[in-house]
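Chemist: Can you keep this structure in mind? I'll have questions shortly.
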């Protein structure tokens, strides 16, 4: 009896998640399909819903992804290698560093946005540009990249390190030729998932000055917008047609997210080393 | 082993020990590793204490003893692998051809180039068979005629015929026994002087174990081998010299490994001079 009740509870929990997600996807698809055409990808936003596209927003999101990848992965993986392979845990500054990273992962994204506005846009004087948005998203996902990379590095058994040392390898050779190659699949998976988190973020980008209406292709050091912001802007409009356009943009964003998650799963299954 | 009369060793061990070839007299032996008054402690607590003995060139030297007697700790001093353990402290001296391995100016990487190691559990790299064997030569810059070097190492480890058609396949696809021979090939590929083996057959089946033991007979022509084992028959079959470690329990309850007896294998297993050795080899202890 209790077992059956518990089972029913588990199924219900599962169902809530599935039904909610299913309804959302179905609703968005139903509304968005009519607007999922070439215009969405090739045209800039316009006052006329039939002429309006999300080209600047899609390009903005692609540029952001590229820049975040370029910045977050080297810094994150570097930090993870330091903490796992080089840092002496008995030292107070290393423990402080670890504690700090754990806390950073829990900071709300809006706070990163405020930091970006105060430090990058105003303090450094970068202005309301795409690069500032990419840097803030990098900071936002850095803890995720670090934690995932540390786990991947920790999953490489010590027996591999010892075997390499016993052959006369230096620390650098052990890390660069054995540990990192063996951890690559895990690092890549974690980085992609972190990136997927970054492209859905809206709040910090709004704060560093992503514009809601951009009619031109973005540049790294110019004004920009991104998909979540374009969606936000369209849904805020009174005309019904813009809501449908927003649904189409949501489908694009979801497709990008699902593709990235699928890629992460595929990478993990295909390349993960089992010891 | 039950109630064995205390003067009679396991017959198979005794037969194997008596079959040992006659060794050159002491004056003609070259000392490769001279261990004197070696004490190793982890975080202050000694794991082995005051160990002294000589390892001879082209001999197989076995280290036997019960669990916790510090056999692995001892063998890991010979290639400074204890350096990787936090809080490990080594006192005393290990002279390698007369040079102190623990002198301040000695680089542990240099030590490990000359003194190779095979571990208890086969630990091939998650790479191809070829890349496993080639790793050592590559990190040491011995990349001339690498293919020939890899083939030679695999032949020395009696693995070539089984893998020559699939050198590019992952080493993780090999059986446990093959993996361990691959680890031996990997160790000999850099042509070290000494090979340390830490219970190399304990994770293997009897057939694979026999192959590893046969291999040791062949390898000792070119190398000096130190093997840790808790299989006494194995020690009796392969070793020329045997060191027996035991656990010394202090009045406060600290357990420390000490060297009880070091002698020719035949003597250790048939006429040990220490009561504790006799108890151990007759199966009354450990």
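Nothing in this text is a laboratory measurement; each read-out follows from the coordinates by a stated rule. As the structure is a computational prediction, the values presented were derived from the model and not from experiment. Neighbour counts are summed over all protein chains in view; Cβ atoms, including those assigned to glycine, are modelled from backbone coordinates with ideal geometry.
Chemist: With everything on Cα atoms, drop me the angle between helix B:146-156 and the longest principal axis of chain B, reported from 0 to 90° to the nearest 10.
Modeler: 40
Chemist: What is the spin-label model distance, in nm, from residue A:41 to residue B:202 if the labels are put 7 Å beyond Cα along the C-beta direction?
Modeler: Simple spin-label model gives 6.1 nm for this pair.
Chemist: If you don't mind, another one. What do you get when you divide the Cα radius of gyration of the range A:51-116 by 2.2 N^0.38 Å, with N the number of residues?
Modeler: Ratio of Rg to 2.2 N^0.38 Å for the range A:51-116: 1.59.
Chemist: In vacuo Debye scattering of chain B, one point per C-alpha: log10 I(q)/I(0) at q = 0.11, 0.13 Å⁻¹?
Modeler: -0.65, -0.90
Chemist: Kindly work out what percent of the DSSP beta bridges joining two residues of the protein assembly as shown are antiparallel, to the nearest 5.
Modeler: Around 60 percent of the beta bridges assigned by DSSP in the protein assembly as shown are antiparallel ones.
Chemist: Specify the angular offset, from 0 to 90 degrees and rounded to the nearest 10, of the alpha carbon long axis of helix A:130-154 from the longest principal axis of the alpha carbons in chain A.
Modeler: For helix A:130-154, the angle is close to 40 degrees.
Chemist: Here is a follow-up. Measuring from centroid to centroid over Cα atoms, what is the spacing of the range B:61-76 and the range B:146-193 in Å?
Modeler: 27
Chemist: Among A:99, A:137, A:120, determine the one that fluctuates most according to a GNM of chain A built with springs between C-alpha atoms less than 10 Å apart.
Modeler: Judging by the Gaussian network model, the answer is A:99.
Chemist: To continue, here is another question. With the Cα gyration tensor of the range A:76-144 giving a ≥ b ≥ c as the square roots of its eigenvalues, does the rule (a/c under 1.5 for rounded; else a/b larger than b/c for prolate; else oblate) give rounded, prolate or oblate?
Modeler: Here the range A:76-144 falls in the prolate category.
Chemist: Please compute, for peptide B:135-143, the average count of beta-carbon atoms on other protein chains lying within 10 Å of each residue's beta-carbon.
Modeler: 4
Chemist: I'd like the FRET efficiency for residue A:104 and residue A:70, computed as 1/(1 + (r/R0)^6) with the beta carbon distance as r and R0 of 22 Å, rounded to 0.05.
Modeler: Calculated value: 0.65.
Chemist: Among A:45, A:108, A:143, which one shows the highest mean-square fluctuation when chain A is modelled as a Gaussian network with alpha-carbon springs under 10 Å?
Modeler: Its mean-square fluctuation being the largest, the pick is A:108.
Chemist: Once both axes come from the Cα atoms, what is the angle between helix A:55-81 and the longest principal axis of chain A, in degrees from 0 to 90, rounded to 10?
Modeler: 10
Chemist: May I have the extent of the alpha carbons of the range B:1-129 along their three principal axes, as whole Å values ordered from largest to smallest?
Modeler: Result for the range B:1-129: principal-axis Cα extents of 50, 41, 37 Å.
Chemist: Then there's this: I'd like the FRET efficiency for residue A:82 and residue A:111, computed as 1/(1 + (r/R0)^6) with the beta carbon distance as r and R0 of 25 Å, rounded to 0.05. Before the final figure, lay out each step's value.
Modeler: Numbers: r = 25 Å, r/R0 = 1.01.
FRET efficiency, residue A:82 to residue A:111: 0.50.
Chemist: Roughly what % of Cα-Cα distances in chain A sit above 29 Å, to the whole percent? Numbers along the way, then the final one.
Modeler: Working: 17350 of 37675 pairs.
Summing the P(r) tail past 29 Å for chain A gives 46 percent.
Chemist: Can I ask one more? Counting only other chains, what is the mean number of Cβ atoms within 10 angstrom of the Cβ of each residue in peptide B:114-126?
Modeler: Working: counts 1, 2, 3, 5, 2, 4, 1, 2, 2, 10, 4, 10, 10.
The shielding value for this peptide is 4.
Chemist: Once both labels are modelled 7 Å past Cα along the beta-carbon direction, what's the residue A:62-residue A:91 spacing in nm?
Modeler: It is 4.4 nm.
Chemist: If you rank A:259, B:73 by fewest surrounding Cβ atoms within 10 Å, what's the result?
Modeler: A:259, B:73
Chemist: On to the next question. Mind checking which of B:251, B:21, B:126 has the largest fluctuation in a GNM of chain B, springs on alpha carbons under 10 Å?
Modeler: Maximum among the listed residues: B:251.
Chemist: Another question about this same structure. Just want the ordering: B:246, B:69, A:176, from fewest to most Cβ atoms lying within 10 Å of their own Cβ.
Modeler: Lowest to highest Cβ neighbour count: A:176, B:246, B:69.
Chemist: With a ≥ b ≥ c the root eigenvalues of the C-alpha gyration tensor of the range A:1-127, is it rounded (a/c under 1.5), prolate (a/b larger than b/c) or oblate?
Modeler: Because a/c hits 1.5 or more and a/b fails to exceed b/c, the range A:1-127 counts as oblate.
Chemist: As an exercise, use a Förster radius of 45 Å and the Cβ-Cβ distance of residue B:93 and residue A:261 to find the FRET efficiency, rounded to the nearest 0.05. Mind dumping the intermediate values first?
Modeler: Details: r = 58 Å, r/R0 = 1.30.
The pair residue B:93/residue A:261 has a calculated efficiency of 0.15.
Chemist: For peptide A:169-176, how many partner chain Cβ atoms fall within 10 Å of a residue's Cβ, on average?
Modeler: 3
Chemist: Compute the separation of the alpha-carbon centres of the range A:194-256 and the range A:43-77 and state it in Å as a whole number.
Modeler: 8
Chemist: Counting each DSSP H run of 4 or more residues in chain B as -39500 (n - 2.57), what helix-only mean residue ellipticity at 222 nm follows after dividing by all residues, to the nearest 500 deg cm²/dmol?
Modeler: One gets -9000 deg cm²/dmol as the mean residue ellipticity at 222 nm.
Chemist: Go ahead and estimate [θ] at 222 nm for chain A from helices alone: -39,500 (n - 2.57) per DSSP H run with n ≥ 4, summed, over the residue count, rounded to 500.
Modeler: Calculated at 222 nm, the ellipticity per residue is -22500 deg cm²/dmol.
Chemist: Zone of residue B:42 (label point 7 Å along Cα→Cβ, backbone N under 14 Å): which residues in the range A:81-112?
Modeler: none
Chemist: Report, largest value first, the span of the C-alpha coordinates of the protein assembly as shown along each principal axis, in whole Å.
Modeler: Extents along the principal axes, in whole Å: 102, 61, 56.
Chemist: Still on this structure, please answer the following. Normalized C-alpha radius of gyration of the range A:137-275, against 2.2 N^0.38 Å?
Modeler: 1.45
Chemist: Rounded to whole Å and sorted largest first, what semi-axes of the equivalent ellipsoid does the C-alpha gyration tensor of the range B:141-239 yield via the square root of 5 times each eigenvalue?
Modeler: With the √(5λ) rule applied to the range B:141-239, the semi-axes are 23, 17, 10 Å.
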